[in-house]
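Student: After the structure tokens below, expect a handful of questions from me.
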Amino acid sequence: MDKKKLLDQAPGEDRMLLARVLDRAEQAEQRNIPACTDFLSPAQRTAAEDLLRRAGMGPDRWTAWGGYDGAERQALVFLPDWLEAADAPEQLPLRYLRAAYRPEDKLTHRDILGSLMGLGIVREKVGDLLVSDSGCDIVVLDSVAEFLLQSWTGAGRAKLTVTEIGPENLHIPVVQCREVRDTVAALRLDAVASTGFRMARGKAAALIESGKVQVNWRECTKPDKPLSQGDTVSARGFGKFELTEVGGMTKKGRLPIVLKIYV
């Protein structure tokens, strides 16, 4: 594969990440051993998979896993000839930790992430942060697990007790979302985003043109992009929603829609 040509097509901020992804893919292919990336966000994973397809690698050459079904942050595992995708998660160097604290401390996702960053842990070494009332379960790469077990003792003023757990003991919170129904003149991104982000259509169009909106984890700057049922729309600072249902045209020529908005 022509790595330079492939990477020249990628946005500047993604090139280093995508270069590492290609290195892992080459390692698995040339040495016929499993190779994996660090944890990737959904947008990073989508960009990586798009790049791999442009490089001529089919989806049978890799799989993704984040420690449990439905994980948002996942690592890519590149498959040698002898490894089936179903067995690939066992090749990932993952460990599972629980940081317990008092319920009255009421820590948030931001509190937990901030405490990890304060210890010098880079985001790509940590998977999802599963925050509950009295603790946070996290999936981490083996390279940082021992350090966290020994050194992660607090988040803000809250004291943490960190232990290792098995993957079967992960506490996975129920995803919080609400359903919104509306009608739109057309399934344009700006029209649907106006409902999903609770803003005027003109403001939604400006937000899209600014490059802050993603459709299915790919940046989109076209307000008139048509959406389809099942599409996910997200925007930095405004959240995420899924277009879960599109009804038939009403007598007034509008389309009923149902959005699942994540809160």
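The values are calculated or read from the model by the stated rules, or taken from the named source; none is laboratory data. This is a predicted model, so every value here is computed, not measured. Cβ atoms come from the backbone with ideal geometry, glycine included; neighbour counts cover every protein chain shown.
Student: Taking Val162, is it modelled with pLDDT of 95 or more, within 30 Å of Gly114 (Cβ to Cβ), among the aliphatic types (A, V, I, L, M) and not assigned by TED's automatic domain parsing to the domain that holds Ala99? Before you say what the answer is, go through the steps one by one.
Tutor: On the way: modelled with pLDDT of 95 or more: yes; within 30 Å of Gly114 (Cβ to Cβ): yes; among the aliphatic types (A, V, I, L, M): yes; not assigned by TED's automatic domain parsing to the domain that holds Ala99: no.
No; evaluated as a whole, the condition is false for this residue.
Student: If you check every pair at least six apart or on different chains, which have Cβ atoms under 7 Å apart with a residue in region 27-39 that is without any contact (Cβ under 8 Å) to a residue 60 or more places away in the chain first and a residue that is of a type in the set (Asp, Glu) second?
Tutor: Close Cβ pairs (under 7 Å, with a partner that is of a type in the set (Asp, Glu)) amount to Asn32/Asp81.
Student: Another one. With the requirement that a residue be touching a residue at least 12 places away in the same chain (Cβ under 8 Å), charged (D, E, K, R) and part of a loop (DSSP other than H, G, I, E, B), what does region 69-101 give you? First the steps, then the outcome.
Tutor: Going residue by residue through region 69-101, those that are touching a residue at least 12 places away in the same chain (Cβ under 8 Å) are 70-83, 85, 88-89, 91-101.
The next check asks that each one be charged (D, E, K, R); those that pass are 72-73, 81, 95, 98.
Correct list: Glu72, Arg73, Asp81.
Student: Between a first residue in region 180-206 that is in contact (Cβ under 8 Å) with a residue 60 or more places away in the chain and closer than 17 Å to Arg236 by Cα and a second residue that is surrounded by fewer than 20 Cβ atoms within 10 Å (Cβ to Cβ) and of a type in the set (D, E, K, R), which pairs have beta carbons less than 6 Å apart while being 6 or more apart in sequence or on different chains?
Tutor: So the pair list comes out as Thr195/Asp182.
Student: Looking at region 224-236, is at least one residue part of a strand (DSSP E or B) and of a type in the set (Gly, Ala, Ser)?
Tutor: First, pick out the residues of region 224-236 that are part of a strand (DSSP E or B): 226, 232-235.
This time we only want the ones that are of a type in the set (Gly, Ala, Ser), so: 234-235.
Within region 224-236, one or more residues are part of a strand (DSSP E or B) and of a type in the set (Gly, Ala, Ser).
Student: I've got another one for you. Would you check which residues across region 136-167 are crowded, with 20+ Cβ neighbours inside 10 Å and not hydrophobic (A, V, I, L, M, F, W, C) and list them?
Tutor: Asp137
Student: Within region 194-216, can you find the residues that are buried (at least 17 other Cβ atoms within 10 Å of the Cβ) and out of contact with any Phe, Trp or Tyr (no Cβ under 9 Å at 6 or more places or on another chain)?
Tutor: If the condition is that a residue be buried (at least 17 other Cβ atoms within 10 Å of the Cβ) and out of contact with any Phe, Trp or Tyr (no Cβ under 9 Å at 6 or more places or on another chain), then Ser194, Arg201, Ala205, Ile208, Gln214, Val215 are the ones that fit.
Student: Of all residues in region 223-248, which are basic (Lys, Arg) and in contact with a strand residue (DSSP E or B) (Cβ under 8 Å, 6 or more places away or on another chain)?
Tutor: Lys225, Lys240
Student: In region 39-87, which residues are surrounded by 21 or more Cβ atoms within 10 Å (Cβ to Cβ), among the small types (Gly, Ala, Ser) and either in the same structural domain as Ser143 (by TED's automatic domain parsing) or within 15 Å of Pro167 (Cα to Cα) (or both)?
Tutor: Result: Gly67, single match.
Student: For region 12-30: of the residues being of a type in the set (D, E, K, R) and at pLDDT 90 or above, which is farthest from Met57 (Cα to Cα)? Break it down stepwise before answering.
Tutor: Residues of region 12-30 of a type in the set (D, E, K, R): 13-15, 20, 23-24, 26, 29.
So of that shortlist, the ones also at pLDDT 90 or above come out as 20, 23-24, 26, 29.
Working: Arg20: 16, Asp23: 13, Arg24: 13, Glu26: 11, Glu29: 11 Å.
So the residue we want is Arg20.
Student: Separate question: Tell me the residue from Ala47, Ala28 that is in a helix (DSSP H, G or I), more than 30 Å from Val174 (Cβ to Cβ) and aliphatic (A, V, I, L, M), please.
Tutor: On the way: Ala47 fails: more than 30 Å from Val174 (Cβ to Cβ).
Among Ala47, Ala28, only Ala28 is in a helix (DSSP H, G or I), more than 30 Å from Val174 (Cβ to Cβ) and aliphatic (A, V, I, L, M).
Student: Out of the residues in region 219-228 that are over 16 Å from Arg254 (Cβ atoms) and either of a type in the set (S, T, N, Q) or in contact with a helix residue (DSSP H, G or I) (Cβ under 6 Å, 6 or more places away or on another chain) (or both), state the one that is surrounded by the most Cβ atoms within 10 Å (Cβ to Cβ). Spell out how you get there, then give the answer.
Tutor: Restricting attention to region 219-228, the residues satisfying the condition of being over 16 Å from Arg254 (Cβ atoms) are 219-225, 228.
Filter again for either of a type in the set (S, T, N, Q) or in contact with a helix residue (DSSP H, G or I) (Cβ under 6 Å, 6 or more places away or on another chain) (or both), leaving 221, 223, 225, 228.
Numbers: Thr221: 12, Pro223: 20, Lys225: 18, Ser228: 10.
My answer is Pro223.
Student: Report whether or not Gly127 is surrounded by 21 or more Cβ atoms within 10 Å (Cβ to Cβ), touching a helix residue (DSSP H, G or I) at 6+ places or on another chain (Cβ under 8 Å) and among the small types (Gly, Ala, Ser). Spell out how you get there, then give the answer.
Tutor: On the way: surrounded by 21 or more Cβ atoms within 10 Å (Cβ to Cβ): yes; touching a helix residue (DSSP H, G or I) at 6+ places or on another chain (Cβ under 8 Å): no; among the small types (Gly, Ala, Ser): yes.
Taking the combined requirement at face value, the residue does not satisfy it.
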